[in-house]
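One structure is given below, encoded as C-alpha coordinates.
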Amino acid sequence: MKKRRRVLISGYYGFNNSGDDAILKAIVKDFKRSNKDIDIVVLSNNPSSTQKTYDVKAINRFNIIDILLEMRNIDMLVSGGGSLLQDVTSTRSIIYYLFIIFLAKLFRKPVMIYANGIGPINKRLNRFLTKIILNKVDMITLRDSNSKETLKNIGVNIDNIFVTADPVFTLEASNEKRVKEIFIKEGIPQCKPLIGLAVREWKNSEKLKETLAKTLDFLSNNYGMKFLLIPMHYPEDLKISQEIKENTNADCYILKNSYNVEDIMGIIKYLDMIIAMRLHSLIYAATQAVPMVGLIYDPKVEGFLDMLNVDARCYVDSIEMVDLCTQIEKVWRKKSEYNKLLIQAKNILERKAKDNISMALELLKK
(Lines give C-alpha, C1' and ligand atoms only; values in the text may rest on other atoms or scores of the structure.)
Protein backbone atom coordinates (compact mmCIF):
# COMPACT_ATOMS: atom_id res chain seq x y z
CA MET A 1 0.00 0.00 0.00
CA LYS A 2 1.30 3.42 -0.98
CA LYS A 3 2.42 5.54 1.96
CA ARG A 4 0.43 8.71 2.47
CA ARG A 5 2.41 11.92 2.73
CA ARG A 6 1.55 14.89 4.95
CA VAL A 7 2.12 18.52 3.93
CA LEU A 8 1.78 21.52 6.24
CA ILE A 9 0.96 24.82 4.51
CA SER A 10 1.77 28.15 6.17
CA GLY A 11 0.53 31.52 4.92
CA TYR A 12 -1.83 34.44 5.52
CA TYR A 13 -4.92 32.23 5.58
CA GLY A 14 -8.24 32.61 7.36
CA PHE A 15 -8.36 36.41 7.15
CA ASN A 16 -10.94 36.67 4.34
CA ASN A 17 -8.46 38.22 1.92
CA SER A 18 -9.37 37.17 -1.63
CA GLY A 19 -5.78 37.13 -2.87
CA ASP A 20 -4.46 34.87 -0.12
CA ASP A 21 -7.59 32.71 -0.29
CA ALA A 22 -6.91 32.28 -4.01
CA ILE A 23 -3.32 31.21 -3.34
CA LEU A 24 -4.41 28.58 -0.83
CA LYS A 25 -7.17 27.32 -3.09
CA ALA A 26 -4.72 26.94 -5.97
CA ILE A 27 -2.06 25.18 -3.89
CA VAL A 28 -4.56 22.75 -2.35
CA LYS A 29 -6.19 22.04 -5.72
CA ASP A 30 -2.84 21.44 -7.43
CA PHE A 31 -1.65 19.06 -4.70
CA LYS A 32 -4.91 17.09 -4.70
CA ARG A 33 -5.09 16.92 -8.48
CA SER A 34 -1.48 15.76 -8.77
CA ASN A 35 -1.38 13.18 -5.95
CA LYS A 36 -4.35 11.74 -4.08
CA ASP A 37 -2.09 10.21 -1.41
CA ILE A 38 -1.30 13.54 0.25
CA ASP A 39 -2.93 14.82 3.44
CA ILE A 40 -2.90 18.60 3.77
CA VAL A 41 -2.83 20.60 7.00
CA VAL A 42 -3.17 24.42 6.94
CA LEU A 43 -2.18 26.99 9.54
CA SER A 44 -5.15 29.34 9.65
CA ASN A 45 -6.56 32.27 11.58
CA ASN A 46 -9.99 30.63 11.21
CA PRO A 47 -9.45 26.84 11.20
CA SER A 48 -13.12 25.83 11.05
CA SER A 49 -13.78 28.02 8.00
CA THR A 50 -10.58 26.87 6.28
CA GLN A 51 -11.44 23.20 6.87
CA LYS A 52 -14.93 23.64 5.46
CA THR A 53 -13.89 25.75 2.46
CA TYR A 54 -10.85 23.77 1.30
CA ASP A 55 -11.61 20.26 2.60
CA VAL A 56 -8.33 20.07 4.54
CA LYS A 57 -7.33 19.78 8.17
CA ALA A 58 -6.62 23.21 9.68
CA ILE A 59 -5.12 24.29 12.98
CA ASN A 60 -4.85 27.66 14.66
CA ARG A 61 -1.79 29.48 13.35
CA PHE A 62 -1.02 30.78 16.86
CA ASN A 63 -1.47 27.50 18.77
CA ILE A 64 2.17 26.58 19.31
CA ILE A 65 1.36 23.21 20.92
CA ASP A 66 -0.71 22.05 17.93
CA ILE A 67 1.94 23.36 15.54
CA LEU A 68 4.71 21.46 17.35
CA LEU A 69 2.63 18.26 17.30
CA GLU A 70 2.04 18.66 13.56
CA MET A 71 5.72 19.33 12.87
CA ARG A 72 6.55 15.87 14.23
CA ASN A 73 4.24 14.18 11.71
CA ILE A 74 4.63 16.14 8.48
CA ASP A 75 6.74 15.18 5.46
CA MET A 76 7.17 18.75 4.20
CA LEU A 77 6.43 22.39 5.05
CA VAL A 78 5.16 24.66 2.28
CA SER A 79 5.47 28.37 3.04
CA GLY A 80 2.79 29.21 0.62
CA GLY A 81 2.45 32.11 -1.71
CA GLY A 82 1.90 35.82 -1.27
CA SER A 83 4.17 38.45 0.26
CA LEU A 84 4.88 36.65 3.51
CA LEU A 85 8.49 37.71 3.92
CA GLN A 86 8.36 41.50 4.12
CA ASP A 87 8.44 44.00 6.96
CA VAL A 88 6.38 46.83 5.49
CA THR A 89 3.26 45.45 7.19
CA SER A 90 5.08 44.70 10.44
CA THR A 91 8.16 43.03 11.85
CA ARG A 92 5.89 40.64 13.75
CA SER A 93 4.60 39.21 10.47
CA ILE A 94 7.98 38.33 8.98
CA ILE A 95 9.23 36.93 12.32
CA TYR A 96 6.17 34.66 12.49
CA TYR A 97 6.74 33.12 9.04
CA LEU A 98 10.49 32.76 9.60
CA PHE A 99 9.78 31.08 12.94
CA ILE A 100 7.50 28.49 11.29
CA ILE A 101 10.25 27.73 8.75
CA PHE A 102 12.82 27.54 11.57
CA LEU A 103 10.65 25.05 13.46
CA ALA A 104 10.33 22.82 10.40
CA LYS A 105 14.11 22.76 9.94
CA LEU A 106 14.53 22.11 13.67
CA PHE A 107 12.43 18.99 13.12
CA ARG A 108 14.56 18.21 10.04
CA LYS A 109 11.66 18.52 7.62
CA PRO A 110 12.02 19.59 3.96
CA VAL A 111 10.86 23.19 3.41
CA MET A 112 9.69 24.78 0.19
CA ILE A 113 9.10 28.51 -0.18
CA TYR A 114 6.22 28.27 -2.66
CA ALA A 115 5.77 31.03 -5.27
CA ASN A 116 6.50 33.82 -2.80
CA GLY A 117 6.95 37.51 -3.41
CA ILE A 118 9.88 38.60 -1.25
CA GLY A 119 10.31 42.07 0.24
CA PRO A 120 10.66 44.84 0.88
CA ILE A 121 12.69 43.83 3.94
CA ASN A 122 14.07 47.06 5.34
CA LYS A 123 15.25 46.38 8.89
CA ARG A 124 18.77 45.04 9.29
CA LEU A 125 17.80 42.35 11.80
CA ASN A 126 14.96 41.12 9.59
CA ARG A 127 17.30 40.89 6.60
CA PHE A 128 19.83 38.97 8.66
CA LEU A 129 17.26 36.50 9.99
CA THR A 130 15.81 35.99 6.50
CA LYS A 131 19.29 35.28 5.13
CA ILE A 132 20.14 32.77 7.88
CA ILE A 133 16.85 30.88 7.73
CA LEU A 134 16.26 30.84 3.96
CA ASN A 135 19.77 29.55 3.35
CA LYS A 136 18.62 26.42 5.24
CA VAL A 137 15.51 25.70 3.14
CA ASP A 138 15.42 23.08 0.39
CA MET A 139 13.73 24.95 -2.44
CA ILE A 140 12.49 28.45 -3.24
CA THR A 141 10.11 29.36 -6.05
CA LEU A 142 9.26 33.02 -6.61
CA ARG A 143 6.45 34.76 -8.41
CA ASP A 144 8.64 37.53 -9.89
CA SER A 145 12.26 38.28 -10.77
CA ASN A 146 12.37 41.28 -8.38
CA SER A 147 12.01 38.83 -5.50
CA LYS A 148 15.00 36.86 -6.73
CA GLU A 149 17.04 40.06 -6.82
CA THR A 150 15.92 40.85 -3.25
CA LEU A 151 17.12 37.43 -2.05
CA LYS A 152 20.44 37.91 -3.82
CA ASN A 153 20.92 41.31 -2.15
CA ILE A 154 20.13 39.84 1.27
CA GLY A 155 22.62 37.02 0.75
CA VAL A 156 20.38 34.01 0.15
CA ASN A 157 22.42 31.79 -2.15
CA ILE A 158 21.00 28.25 -2.19
CA ASP A 159 21.07 26.49 -5.56
CA ASN A 160 17.34 25.75 -5.82
CA ILE A 161 15.88 29.22 -6.46
CA PHE A 162 13.49 29.50 -9.42
CA VAL A 163 11.24 32.24 -10.79
CA THR A 164 7.86 30.67 -11.60
CA ALA A 165 4.47 32.42 -11.29
CA ASP A 166 1.66 33.00 -8.80
CA PRO A 167 -0.30 29.77 -8.12
CA VAL A 168 -3.56 31.59 -8.94
CA PHE A 169 -2.82 31.18 -12.67
CA THR A 170 -3.94 27.53 -12.35
CA LEU A 171 -7.47 28.48 -11.18
CA GLU A 172 -10.57 28.84 -13.38
CA ALA A 173 -13.21 31.58 -13.19
CA SER A 174 -16.90 30.99 -12.46
CA ASN A 175 -19.05 30.78 -15.57
CA GLU A 176 -21.17 33.54 -17.09
CA LYS A 177 -24.39 32.18 -15.60
CA ARG A 178 -22.97 32.48 -12.07
CA VAL A 179 -21.69 36.01 -12.74
CA LYS A 180 -25.13 37.10 -13.94
CA GLU A 181 -26.69 35.63 -10.78
CA ILE A 182 -24.30 37.74 -8.68
CA PHE A 183 -25.10 40.90 -10.65
CA ILE A 184 -28.84 40.34 -10.11
CA LYS A 185 -28.33 39.67 -6.40
CA GLU A 186 -26.21 42.82 -6.02
CA GLY A 187 -28.54 45.01 -8.10
CA ILE A 188 -25.84 45.71 -10.68
CA PRO A 189 -27.17 46.24 -14.22
CA GLN A 190 -25.35 44.15 -16.82
CA CYS A 191 -24.29 47.27 -18.63
CA LYS A 192 -21.33 48.12 -20.80
CA PRO A 193 -18.79 49.62 -20.79
CA LEU A 194 -18.11 48.47 -17.23
CA ILE A 195 -14.81 49.31 -15.56
CA GLY A 196 -13.58 47.67 -12.36
CA LEU A 197 -11.92 49.49 -9.49
CA ALA A 198 -10.10 47.61 -6.70
CA VAL A 199 -8.47 49.85 -4.09
CA ARG A 200 -7.43 49.73 -0.45
CA GLU A 201 -6.71 52.18 2.33
CA TRP A 202 -3.16 53.47 2.20
CA LYS A 203 -1.07 56.48 3.11
CA ASN A 204 -2.53 59.69 1.67
CA SER A 205 -5.91 57.99 1.21
CA GLU A 206 -7.82 61.29 1.13
CA LYS A 207 -5.90 62.43 -1.95
CA LEU A 208 -6.34 59.02 -3.54
CA LYS A 209 -10.11 58.98 -2.97
CA GLU A 210 -10.51 62.53 -4.29
CA THR A 211 -8.47 61.80 -7.41
CA LEU A 212 -10.34 58.57 -8.14
CA ALA A 213 -13.76 60.19 -7.68
CA LYS A 214 -12.87 63.01 -10.10
CA THR A 215 -11.41 60.49 -12.56
CA LEU A 216 -14.64 58.47 -12.55
CA ASP A 217 -16.61 61.66 -13.23
CA PHE A 218 -14.37 62.47 -16.20
CA LEU A 219 -14.57 58.97 -17.67
CA SER A 220 -18.33 58.82 -17.19
CA ASN A 221 -18.88 62.16 -18.88
CA ASN A 222 -16.51 61.52 -21.79
CA TYR A 223 -16.86 57.79 -22.44
CA GLY A 224 -20.14 56.78 -20.82
CA MET A 225 -18.30 54.35 -18.56
CA LYS A 226 -19.93 52.75 -15.54
CA PHE A 227 -17.93 51.40 -12.60
CA LEU A 228 -17.87 48.40 -10.32
CA LEU A 229 -15.92 48.73 -7.08
CA ILE A 230 -14.55 45.38 -5.91
CA PRO A 231 -13.48 44.96 -2.26
CA MET A 232 -10.72 42.34 -2.46
CA HIS A 233 -10.18 42.20 1.30
CA TYR A 234 -13.67 41.94 2.74
CA PRO A 235 -14.95 43.92 4.57
CA GLU A 236 -11.84 46.13 5.01
CA ASP A 237 -11.98 47.49 1.44
CA LEU A 238 -15.70 48.30 1.63
CA LYS A 239 -15.22 51.62 3.41
CA ILE A 240 -12.92 53.23 0.85
CA SER A 241 -15.12 51.89 -1.98
CA GLN A 242 -18.21 53.47 -0.41
CA GLU A 243 -16.44 56.79 0.10
CA ILE A 244 -15.37 56.93 -3.55
CA LYS A 245 -18.94 56.12 -4.64
CA GLU A 246 -20.34 58.89 -2.43
CA ASN A 247 -18.01 61.47 -3.96
CA THR A 248 -18.61 60.81 -7.65
CA ASN A 249 -21.57 61.50 -9.93
CA ALA A 250 -20.68 58.54 -12.16
CA ASP A 251 -22.80 55.38 -12.21
CA CYS A 252 -20.99 53.37 -9.54
CA TYR A 253 -21.80 49.98 -8.04
CA ILE A 254 -20.15 48.07 -5.19
CA LEU A 255 -19.93 44.34 -4.55
CA LYS A 256 -21.42 44.48 -1.07
CA ASN A 257 -21.07 40.79 -0.24
CA SER A 258 -18.12 38.45 0.06
CA TYR A 259 -17.52 36.04 -2.84
CA ASN A 260 -15.14 33.19 -3.43
CA VAL A 261 -12.07 33.40 -5.64
CA GLU A 262 -13.63 31.88 -8.74
CA ASP A 263 -16.60 34.27 -8.51
CA ILE A 264 -14.36 37.34 -8.28
CA MET A 265 -12.34 36.08 -11.25
CA GLY A 266 -15.58 35.57 -13.21
CA ILE A 267 -16.75 39.08 -12.35
CA ILE A 268 -13.44 40.57 -13.49
CA LYS A 269 -13.68 38.55 -16.72
CA TYR A 270 -16.95 40.39 -17.43
CA LEU A 271 -15.24 43.81 -17.18
CA ASP A 272 -13.93 45.86 -20.09
CA MET A 273 -10.97 47.04 -18.02
CA ILE A 274 -9.79 47.27 -14.41
CA ILE A 275 -8.01 49.99 -12.43
CA ALA A 276 -6.45 48.36 -9.41
CA MET A 277 -4.16 48.65 -6.39
CA ARG A 278 -4.62 45.18 -4.97
CA LEU A 279 -2.10 42.80 -6.55
CA HIS A 280 -4.47 39.89 -6.86
CA SER A 281 -7.12 41.96 -8.59
CA LEU A 282 -4.46 42.54 -11.27
CA ILE A 283 -3.52 38.85 -11.22
CA TYR A 284 -7.19 37.88 -11.62
CA ALA A 285 -7.44 40.31 -14.53
CA ALA A 286 -4.33 38.80 -16.11
CA THR A 287 -5.79 35.27 -15.84
CA GLN A 288 -8.77 36.54 -17.86
CA ALA A 289 -6.72 38.79 -20.21
CA VAL A 290 -8.63 41.88 -19.05
CA PRO A 291 -6.78 45.17 -19.82
CA MET A 292 -5.54 46.95 -16.70
CA VAL A 293 -4.10 50.10 -15.19
CA GLY A 294 -2.04 49.44 -12.08
CA LEU A 295 -2.05 51.76 -9.07
CA ILE A 296 1.35 51.15 -7.50
CA TYR A 297 1.64 51.37 -3.73
CA ASP A 298 4.08 48.49 -3.24
CA PRO A 299 7.00 47.12 -5.33
CA LYS A 300 5.14 43.81 -5.78
CA VAL A 301 2.52 45.58 -7.93
CA GLU A 302 5.15 47.19 -10.14
CA GLY A 303 7.04 43.89 -10.38
CA PHE A 304 3.93 42.11 -11.62
CA LEU A 305 3.18 44.77 -14.25
CA ASP A 306 6.80 44.53 -15.42
CA MET A 307 6.43 40.76 -15.74
CA LEU A 308 3.38 41.28 -17.96
CA ASN A 309 5.08 44.07 -19.96
CA VAL A 310 2.11 46.29 -19.10
CA ASP A 311 3.20 49.93 -19.03
CA ALA A 312 -0.09 51.49 -17.85
CA ARG A 313 0.46 52.55 -14.24
CA CYS A 314 0.34 55.40 -11.74
CA TYR A 315 2.05 55.75 -8.36
CA VAL A 316 -0.37 56.11 -5.46
CA ASP A 317 1.92 58.40 -3.42
CA SER A 318 2.04 60.99 -6.21
CA ILE A 319 -1.20 60.30 -8.07
CA GLU A 320 -2.72 63.08 -10.19
CA MET A 321 -5.99 63.01 -12.10
CA VAL A 322 -4.47 64.09 -15.42
CA ASP A 323 -1.85 61.34 -15.33
CA LEU A 324 -4.36 58.68 -14.27
CA CYS A 325 -6.84 59.68 -17.00
CA THR A 326 -4.03 59.62 -19.56
CA GLN A 327 -3.09 56.08 -18.59
CA ILE A 328 -6.70 54.90 -18.65
CA GLU A 329 -7.38 56.53 -22.03
CA LYS A 330 -4.23 54.90 -23.44
CA VAL A 331 -5.44 51.44 -22.45
CA TRP A 332 -8.99 52.16 -23.55
CA ARG A 333 -7.87 53.18 -27.06
CA LYS A 334 -5.66 50.08 -27.40
CA LYS A 335 -7.83 47.54 -25.59
CA SER A 336 -7.42 44.85 -28.24
CA GLU A 337 -3.63 45.21 -28.23
CA TYR A 338 -3.48 44.89 -24.43
CA ASN A 339 -5.82 41.91 -24.63
CA LYS A 340 -3.49 40.09 -27.05
CA LEU A 341 -0.47 40.94 -24.90
CA LEU A 342 -2.20 39.56 -21.81
CA ILE A 343 -3.31 36.35 -23.55
CA GLN A 344 0.33 35.61 -24.42
CA ALA A 345 1.51 36.44 -20.89
CA LYS A 346 -1.30 34.40 -19.31
CA ASN A 347 -0.37 31.26 -21.26
CA ILE A 348 3.29 31.55 -20.24
CA LEU A 349 2.49 32.27 -16.58
CA GLU A 350 0.00 29.42 -16.36
CA ARG A 351 2.72 26.98 -17.46
CA LYS A 352 5.16 28.48 -14.96
CA ALA A 353 2.58 28.29 -12.15
CA LYS A 354 2.27 24.54 -12.79
CA ASP A 355 6.03 24.23 -12.26
CA ASN A 356 5.49 25.06 -8.57
CA ILE A 357 3.56 21.88 -7.89
CA SER A 358 5.90 19.73 -9.99
CA MET A 359 8.86 20.91 -7.94
CA ALA A 360 6.97 20.45 -4.67
CA LEU A 361 6.14 16.84 -5.54
CA GLU A 362 9.75 16.12 -6.49
CA LEU A 363 10.91 17.49 -3.14
CA LEU A 364 8.28 15.44 -1.32
CA LYS A 365 9.63 12.23 -2.92
CA LYS A 366 13.11 12.72 -1.47
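The values are calculated or read from the model by the stated rules, or taken from the named source; none is laboratory data. The structure displayed is predicted, hence computed values, not measured ones. All Cβ positions, even for glycine, are placed from backbone atoms using ideal geometry, and neighbour counts span all protein chains on display. These area figures cover heavy atoms from the full protein model, side chains too; ligands, DNA and RNA do not enter into them. Shrake-Rupley method; radii C 1.70, N 1.55, O 1.52, S 1.80 Å.
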Note to self: At 222 nm, what value in deg cm²/dmol follows for the chain if DSSP H runs of at least 4 each add -39500 (n - 2.57) and the sum is divided by all its residues, to the nearest 500?
What the structure shows: -16000 deg cm²/dmol
Check: Which entries in the list Lys3/Lys109; Lys185/Lys245; Lys203/Lys300; Lys36/Lys148; Lys177/Lys300 go over 26 Å, if you measure between the two C-alpha atoms of each?
Finding: Lys36/Lys148; Lys177/Lys300
Notebook entry, point to check: What do you get for Rg/Rh of segment 5-163 when both radii come from the Cα atoms and Rh is the Kirkwood radius?
Noted result: 0.94
Notebook entry, point to check: For segment 233-278, what class follows from the C-alpha gyration tensor (a ≥ b ≥ c being the square roots of its eigenvalues): rounded when a/c is under 1.5, otherwise prolate if a/b is larger than b/c, else oblate?
Noted result: oblate
Check: How much of the accessible area of the chain, in percent, comes from carbon and sulfur atoms when a 1.4 Å probe is used?
Finding: 48
Next item on the list: Roll a 1.4 Å probe over the protein chains and send me the accessible area per residue for the chain in Å².
Entry: 44
Margin query: Looking at the chain as a GNM with Cα springs under 10 Å, which of Asn257, Asn116, Asn356 has the largest mean-square fluctuation?
Written below: Asn257
Check: Listed highest first by mean packing, meaning other Cβ atoms within 10 Å per residue, what order do 270-283, 242-255 come in?
Finding: 270-283, 242-255
Item checked: Computed lengthening from Glu350 to Lys177, 0.36 nm per intervening residue step minus Cα-Cα distance -> 59.8 nm
Checklist line | DSSP H segments from the chain that extend 30 Å or more along their own axis, Cα-based, with Kyte-Doolittle mean of -1.0 or above | finding: 335-365
Next item on the list: For Tyr315, list long-range residues whose amide hydrogen, built 1.01 Å from N in the peptide plane, is under 5 Å from its own amide hydrogen.
Entry: Ile296
Item checked: Dipole axis of the chain (+1 Lys, Arg; -1 Asp, Glu on Cβ), positive-most option in Met265, Ile195, Asn46 -> Asn46
Note to self: Restricting the calculation to Cα positions, tell me the Rg (one decimal) and the Dmax (whole number) of the chain in Å.
What the structure shows: 20.6, 68
Note to self: Explain nothing, just the number: relative contact order of the chain, from Cα pairs under 8 Å at least 6 residues apart, as a whole percent.
What the structure shows: 15
Next item on the list: Any aspartates and glutamates with Cα under 12 Å of the Lys180 Cα? List them, leaving off those in the same chain fewer than 8 positions away.
Entry: Asp263
Next item on the list: For segment 176-348, build the convex hull from the C-alpha positions and give me its volume per residue in Å³.
Entry: 104
Next item on the list: Determine, for each peptide in 288-299, 18-29, the mean count of other beta carbons within 10 angstrom over its residues, then list the peptides with the highest first.
Entry: 18-29, 288-299
